[in-house]
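K.L.:
One structure is given below, represented as structure tokens, and several questions about it will come after.
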Amino acid sequence: MTVESTAATRKPRRSSKRAGAAKTPQASEPQLVQLLTPEGERIEHPEYEVDLTPEELRGLYRDMVLTRRFDAEATALQRQGELGLWASLLGQEAAQIGSGRALRDDDYVFPTYREHGVAWCRGVDPTNLLGMFRGVNHGGWDPNSNNFHLYTIVIGSQTLHATGYAMGIVKDGADSAVVAYFGDGASSQGDVAEAFTFSAVYNAPVVFFCQNNQWAISEPTEKQMRVPLYQRAQGFGFPGVRVDGNDVLACLAVTKSALERARRGEGPTLVEAYTYRMGAHTTSDDPTKYRTDDERQAWEAKDPIQRLKTYLEKQKIADEAFFTGLETESEALGKRVREAVRAMPDPDAMAMFENTHADGHALVDEERAQFAAYQASFADSAEEGN
Amino acid sequence: MTVESTAATRKPRRSSKRAGAAKTPQASEPQLVQLLTPEGERIEHPEYEVDLTPEELRGLYRDMVLTRRFDAEATALQRQGELGLWASLLGQEAAQIGSGRALRDDDYVFPTYREHGVAWCRGVDPTNLLGMFRGVNHGGWDPNSNNFHLYTIVIGSQTLHATGYAMGIVKDGADSAVVAYFGDGASSQGDVAEAFTFSAVYNAPVVFFCQNNQWAISEPTEKQMRVPLYQRAQGFGFPGVRVDGNDVLACLAVTKSALERARRGEGPTLVEAYTYRMGAHTTSDDPTKYRTDDERQAWEAKDPIQRLKTYLEKQKIADEAFFTGLETESEALGKRVREAVRAMPDPDAMAMFENTHADGHALVDEERAQFAAYQASFADSAEEGN
Amino acid sequence: MAAKNMSIAKALNESLRKALDTDPKVLIMGEDVGKLGGVFRITDGLHKDFGEGRVIDTPLAESGIVGTAIGLALRGYRPVVEIQFDGFVFPAYDQIVTQLAKMYARALGKIKLPVVVRIPYGGGIGAVEHHSESPEALFAHVAGLKVVSPSNASDAYWMMQQAIQSDDPVIFFEPKRRYWDKGEVDTDAIPHPLHKAKVAREGSDLTLAAYGPMVKVCLEAAAAAADEGKSLEVVDLRSMSPIDFDTVQTSVEKTRRLVVVHEAPVFLGTGAEIAARITERSFYHLEAPVLRVGGYHVPYPPARLEDEYLPGLDRVLDAVDRSLAY
Amino acid sequence: MAAKNMSIAKALNESLRKALDTDPKVLIMGEDVGKLGGVFRITDGLHKDFGEGRVIDTPLAESGIVGTAIGLALRGYRPVVEIQFDGFVFPAYDQIVTQLAKMYARALGKIKLPVVVRIPYGGGIGAVEHHSESPEALFAHVAGLKVVSPSNASDAYWMMQQAIQSDDPVIFFEPKRRYWDKGEVDTDAIPHPLHKAKVAREGSDLTLAAYGPMVKVCLEAAAAAADEGKSLEVVDLRSMSPIDFDTVQTSVEKTRRLVVVHEAPVFLGTGAEIAARITERSFYHLEAPVLRVGGYHVPYPPARLEDEYLPGLDRVLDAVDRSLAY
Ligand SMILES: Cc1ncc(C[n+]2csc(CCOP(=O)(O)OP(=O)(O)O)c2C)c(N)n1
Ligand SMILES: Cc1ncc(C[n+]2csc(CCOP(=O)(O)OP(=O)(O)O)c2C)c(N)n1
Ligand SMILES: [Mg+2]
Ligand SMILES: [Mg+2]
């Protein structure tokens, strides 16, 4: 029983041609906006610029390092059985910190499930992110305390929430903006296209920030698109731009520019941050089934943290003391997260009946009472047993 | 209680600007592919050409006239209570006949609910189309006898069916192609975007043929898109073209070219036929609620049938005998349709239990038996009454 | 203001107008809800009076409509969304089931989702496919949603007020074939609680439970049965999630017989849940099994067959006879 | 070939392999079904052996997957579609409900829609939100669909064969937490009819009816009850549309008591229909109302609470005791 023995694999007349045609445009990658090369060299871009103080530059580096440290700790905690699952952002730190630091306090973020770095920029306590991966809640933080919405697992859904939120901003006459994060895989979902349409028609101040990390679990981007994603925006009537997603400066500059455009009332922008998922999709995934290590190694040379480090060092913006200080801070963060997770209590069983409705629901009340009585019956029989 | 009295209508700071920005790109309409001007003059186009015999030209004219006649008869039958509803194609004859006549027998069509002219080109008996509007079935014709799928009412759904069918053509190694029809309103549906993605990724031989008739019931195209629709294709990696939808020659040429591209294994094309819905959305609709008569009158000057008639007359391709012969044929068609509809029997009540599953379903069988017994009980009691 | 006689359509329109007028955060969204006033004219005149910032014609994309309504709710708005017909709610089903229904629990109650999804539903208007369905069970089964349907003008007015005021998502099924039925609406009344059933007619021999369009059929059946000397009680359920089982139970423990009527297919329709639960609650009171009258397990048939498909007077009375025969 | 011992996952894999091997029109489609072999490895090795023309990694768009599968079916193919997890079927719900379920009737039977939609479902694996749901009632209520779920390896193998061979759309729910449970599979056996239930254990005091993942729990409950001298019969329903009421009725008229168990929320779950219909069919045979054990009417809780949420041995036995107490 091999591939040759089945009828549908008889060479279709034009199959090879068709397949070829589908791949050609993807082959030659378009220009990326880049301000810092993989070698840590600062370069100019005719349209995008950042002018950061040494402190700000060190801040970006610190953000990335701490985010990576947090992420590594969470991966370790999953291995130790403290978390049920973890979705690592390894490799995507620049995309997340660059875009996250472009935001104003009154801007609003709609993340997927992988935006731990953006959460960090928003001031969300990292341990808050771990509840859902531990299985004690489905998120549960207050989106309004940091203008950072809950993680959304159903792919693409949040792009519409972001668009609606942005429509509300227009109605309020405010000049804040919204960033909707999504992945390369998500770009295939109808909801994302609908979000493009609604945001274009209502000219909503939303930045669609796609982290194209080359993979949607085991599927490479060729399974999702035939031409680079940033080009899709134009056909919906707004600009799209591809940025080096491993260049934190470029991500910052491009996102800032898109946000300013939104604030000026010029509507949405699509930013495609071209990056790479260095780890597995989640801790449940086994990437050796579908990709080679070569690819990963090639991307390691473009590591977002290393390139900023090289720059900071070359430019003498950060000294040894800064780096060792940061190492200590990293370890402390790791420790804090570890301890917080281990101390995270399981919710009380009754909790599942809470927070299903703001105004209550008779059936939930009835079932809550039945469940309580049922639980109590064990206590009773345990007592009887005494 | 007026618009001023409510808080949300306080002028948002940037609302006017935003609204303005949203409309600008739509304002200057792009070039259309045109081969026959509204005045009936034949013009050249650098990319698209048709070379038709006089007979073929008369054939296109005949198709349009008979389609319009059929459509008018159906509208009249609805007014007489013979149909529950009718969705008129008035004004869209050139788009439908032009694209319909570009097809080869082995091509396949996935229509919306308004493609009566395409059905005509496929050789579907017009009376077949009326069953669902009369309420005796939901379509019910055999899609495979004319390679013309059933009408699909849920907006956009059929574009995915068309794409899947086209994927099957590739697997079979055939060189036929598929046309998926949809409207300007449908372009907002996620399904249509997903069809674009699938067809691009699998390089499926499908032509997406949008009849942009300017309206989705009461909503003008500005409520669906910010830039002309044909531009959307490019962002998915395949070409889009806007054609004068009231120019039957241009519609034929552009569709043929897209079909040939598909046959060559080069994948999908989006054709936007720029046309106008001259009548109401359906017989249930009242367009006076939302549009002016001026607009309609402006479009009447671009009538697709009149412009071909002018050309045929000027070029002496058709004579008086042809036109009067066609009038007679039209009347005969009207009469045949009228009589066929009036003779169309109501289905037997038991029919609702038929054709729900190819392999049967125990619950349907049980309910069928119960229903039959229930029906019989009336017959019994009627007999008892005797 | 005294009671006014108006149609269900008008009552809904007045209720929406009142909500727009009272609360600047209320928005109307949907396809053709603007100038056209919706295909059933439920939003007639609202676009003119409140402007397109409040009454929003949306792109033709139901997932987008509900998805952006969620976003607007997160920003503090109270969107009232119109789905044009029952059969067109399915493109929005994912947003409703995975987001609208679950987001409050996901946030452990830290945000609110005051979104109303209006769905004209049910058959009897001679329409083409997808325009006559009754998908309420597909929403009532989903935790996190509330599902209601008025049967008369007064309930239409008040339940819409209550749905909009609720901080929870409410799926509001409007009995489209009753839109033009008239009734008294007292806009100053103290409304009946949104999720409580009402005894629409008292009786002693058997209980008919229904909601939305079938309440009228049940009242007609009760009137016809009265001529034959049978006394039927009619319970208008009004809410399908939660269902007010207490009111049904009280009625059934009096009459000892129950027939549930809805247009939706019987198999896994709301009648199944009512039958199961009332049988459990009132096992020793029932003289007969709970019987159900509803649609068949077939795709909604073409219009010329809908009279056979839909529960009517005869089928309800047939079930009544069968129940009484136990 | 003699019977082999294998897991449910392996049985499904073997069944798909057999179908691909036997019928060149069979296709596998879905997210990550190719090289990865699916997140549960159900399609493991198939991409390698049959190529990407037969085992198709699709774009991440469920509506697109089902919609194009419909198109492929219209072209003569027999697509077997994988939805990655229960909670991700909803973007495809519109295509399933309005197209896949209705197209055969729309065409008056002139075309066929042999599409299988595979959905790993249910909880118990400690997963995050949307990965543990049991939405089968949302499909069973819809006319035009068939809905099945195997509980063991042999049924997994054979029911998949039958589902693929069926000319009708079949929604195939796979009990994901049982994927690694092993059993005997005789690939030469004559299979039990797809939509017929099976008596999985005989008993005389009470009937437990379940399907998919809950059959094991019911068998364990029956074993535990036996120790206490109670004889429980376990019916494995296998099909939720249609439901084989005859087998349940026969069992219930012997035991006179019925408890239905599923993971899905009780309210409007399949248990409601079984309770309603069996009560109607066997009204004078029942010593107790049909009781139901299932999920609560809350969004599926976080993993650390799922043991409390899911029906387990104790809750089933509690219901058994309550039934026997009548
Ligand atoms: C609607 C839906 N379908 C399937 C899944 C399962 N799933 C989770 S993540 C994922 C891949 C997402 O890829 P991408 O959008 O590129 O984001 P990334 O994980 O690479 O950040 C899939 C298929 C899901 N969460 N939601
Ligand atoms: C999913 C869905 N939503 C709503 C409708 C109701 N509806 C029928 S036609 C129509 C407008 C369609 O406009 P367009 O796509 O431009 O096609 P046209 O009618 O102009 O040919 C609407 C909203 C529908 N049929 N399906
Ligand atoms: Mg990705
Ligand atoms: Mg249109």
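Here, each number is a calculation from the coordinates, and none is a lab measurement. Treat the numbers as computed from the prediction; the structure is a model and nothing was measured. Cβ placement follows ideal geometry from the backbone for every residue including glycine, while neighbour counts extend to all protein chains displayed.
K.L.:
Averaged over all directions, how much area does the convex hull of the C-alpha atoms of chain C cover when projected, in nm²?
P.N.:
Quarter of the Cα hull surface area: 16.3 nm².
K.L.:
Distances from A:S377 to the same position in the other copies: list them in nm, one decimal, shortest first, using label points 7 Å from Cα along Cα→Cβ.
P.N.:
Taking the point 7 Å beyond Cα along Cα→Cβ, the inter-copy spacings are 4.0 nm.
K.L.:
Using a label position 7 Å from Cα in the Cα→Cβ direction, what is the ascending list of nm distances from B:E327 to the same site in the other copies?
P.N.:
Counterpart label points of B:E327 in the remaining copies fall at 9.8 nm.
K.L.:
Here's another thing I want to ask about it. Stokes-Einstein at 20 °C, 1.002 mPa s, Kirkwood radius from Cα pairs: D for the stretch D:43-195 in µm² s⁻¹?
P.N.:
So the translational diffusion coefficient is about 133 µm²/s.
K.L.:
Shape call for the protein assembly as shown from the C-alpha gyration tensor, a ≥ b ≥ c root eigenvalues: rounded (a/c under 1.5), prolate (a/b greater than b/c) or oblate?
P.N.:
rounded
K.L.:
Two decimals is fine: what is log10 I(q)/I(0) at q = 0.13, 0.17, 0.22 Å⁻¹ for the stretch B:40-168, from a Debye sum with one equal scatterer on every Cα and no solvent?
P.N.:
Scattering profile of the stretch B:40-168, log10 relative to I(0): -0.59, -0.95, -1.38.
K.L.:
Here's another thing I want to ask about it. Could you put B:V207, C:V55 in order, starting from the residue whose Cβ has the fewest other Cβ atoms within 10 Å?
P.N.:
Ascending Cβ contact count within 10 Å gives the list C:V55, B:V207.
K.L.:
So, one more: List the trypsin sites (Lys or Arg not before Pro) within the stretch C:184-272 that DSSP assigns to loop and that have no more than 13 neighbouring Cβ atoms inside 10 Å.
P.N.:
Nothing satisfies the criteria.
K.L.:
Shielding by partners for B:235-242, please: the mean number of other protein chain Cβ atoms within 10 Å of each residue's Cβ.
P.N.:
Average per residue, whole number: 5.
K.L.:
Let me ask another. When Cβ neighbours within 10 Å are restricted to other protein chains, what is their mean count per residue of peptide A:79-90?
P.N.:
The mean count of partner-chain Cβ atoms within 10 Å per residue comes to 1.
K.L.:
I want to verify a result. In a Gaussian network model of chain B, Cα cutoff 10 Å, which of these has the top mean-square fluctuation: B:T356, B:T288, B:T37?
P.N.:
Answer for the Gaussian network model of chain B: B:T356.
K.L.:
Could you list the chymotrypsin sites (Phe, Trp or Tyr not before Pro) in the stretch C:237-310 that lie in coil according to DSSP, counting only those with at most 13 other Cβ atoms within 10 Å of their Cβ?
P.N.:
C:Y284
K.L.:
Which percent of Cα-Cα pairs in the stretch A:255-386 sits in each 5 Å bin, short to long?
P.N.:
2, 6, 7, 7, 8, 10, 12, 12, 10, 7, 6, 6, 4, 2, 1, 0
K.L.:
If you don't mind, there's one more thing I want to ask. Over the residues of the stretch C:108-236, compute the C-alpha Rg and express it relative to 2.2 N^0.38 Å.
P.N.:
The stretch C:108-236 yields a ratio of 1.16.
K.L.:
Run the quick spin-label model on B:I43 and A:K335: label points 7 Å from Cα toward the beta carbon, then report their separation in nm to one decimal.
P.N.:
Once both label points are built, they end up 7.8 nm from each other.
K.L.:
While we're on this one: Once you treat every alpha carbon in the stretch A:194-245 as an equal point and sum by Debye, what is log10 I(q)/I(0) at q = 0.15, 0.17, 0.27, 0.29 Å⁻¹?
P.N.:
-0.47, -0.60, -1.13, -1.19
K.L.:
Could you state, as a whole-number percent, how many of the C-alpha pairs of the stretch C:187-274 are farther apart than 21 Å?
P.N.:
It works out to 27 percent of all Cα pairs.
K.L.:
How many percent of all Cα-Cα pairs in chain A sit more than 40 Å apart?
P.N.:
That fraction is 22 percent.
K.L.:
For A:E300 and A:T324, calculate 0.36 nm times their separation in residues minus their Cα-Cα distance, and state this gained length in nm to one decimal.
P.N.:
Difference between extended and current length: 6.4 nm.
K.L.:
If you don't mind, there's one more thing I want to ask. Could you give the longest part of chain A that holds none of the trypsin sites (Lys or Arg not before Pro) found in DSSP loops with at most 13 neighbouring Cβ atoms within 10 Å?
P.N.:
Answer from the scan: A:105-315.
K.L.:
Rounded to the nearest 0.05, what FRET efficiency do C:E184 and B:A369 have when you use their Cβ-Cβ distance and R0 = 35 Å?
P.N.:
0.20
K.L.:
At 7 Å along Cα-to-Cβ for each site, give me the label-to-label distance between D:D246 and C:L313 in nm.
P.N.:
Each label point is offset 7 Å from its Cα along the Cβ direction, giving 3.9 nm.
K.L.:
Between chain B and chain A, with a rotation axis joining them, whose C-beta in B is nearest that axis, and what is the whole-Å distance?
P.N.:
In residue-and-Å form, the answer is B:G190, 1.
K.L.:
Further question on the same structure: Within 10 Å of each Cβ of C:75-84, how many other protein chain Cβ atoms are there on average?
P.N.:
Rounded to a whole number, the mean comes out at 3.
K.L.:
A further question on this structure: HN-Hα J couplings of the stretch B:187-192 from phi, Karplus 6.51/-1.76/1.60, θ = phi - 60°, integer Hz, Gly and Pro as x?
P.N.:
4, 7, 6, x, 4, 5
K.L.:
Just check the stretch C:19-119 against the gyration tensor rule for me: Cα atoms, a ≥ b ≥ c as the square roots of the eigenvalues, rounded for a/c under 1.5, and otherwise prolate or oblate depending on whether a/b exceeds b/c.
P.N.:
oblate
K.L.:
Using only the Cα atoms of the stretch C:210-249, build the gyration tensor, take square roots of its eigenvalues as a ≥ b ≥ c, and label the shape rounded, prolate or oblate: rounded if a/c is under 1.5, else prolate if a/b is larger than b/c, else oblate.
P.N.:
Oblate, since a/c reaches 1.5 and b/c is not below a/b.
K.L.:
Just want the ordering: D:Y93, B:Y374, from fewest to most Cβ atoms lying within 10 Å of their own Cβ.
P.N.:
With the sparsest Cβ surroundings first, the list reads B:Y374, D:Y93.
K.L.:
When the Karplus curve 6.51 cos²θ - 1.76 cosθ + 1.60 is applied with θ = phi - 60°, which whole-Hz ³J(HN,Hα) does each residue of the stretch A:86-93 get, with x for Gly and Pro?
P.N.:
9, 10, 7, 9, 3, x, 9, 5
K.L.:
What aspartates and glutamates does C:K4 reach when the alpha-carbon gap must be under 17 Å and sequence neighbours fewer than 8 apart in one chain are set aside?
P.N.:
C:K4 reaches C:E14, C:D155, C:D181, C:E184, C:D186, C:D188.
K.L.:
Right, here's the next one. Given label points at 7 Å from Cα along Cα→Cβ, what nm distances, shortest first, separate D:S204 from the same residue in every other copy?
P.N.:
4.6
K.L.:
May I pose another question? Evaluate the charge dipole of chain A about its Cα centre and quote only its size in Debye, nearest 20, assuming +1 on the Cβ of each Lys and Arg and -1 on the Cβ of each Asp and Glu.
P.N.:
With only Lys, Arg, Asp and Glu charged at Cβ, the dipole is about 1980 debye.
K.L.:
Spin-label point model (7 Å from Cα, Cβ direction): what's the A:A358 to B:S377 distance in nm?
P.N.:
4.8 nm
K.L.:
Once you have the Kirkwood Rh of the stretch C:231-273 from its Cα pairs, apply Stokes-Einstein at 25 °C and 0.890 mPa s and quote D in µm²/s.
P.N.:
Answer from the Stokes-Einstein relation: 218 µm²/s.
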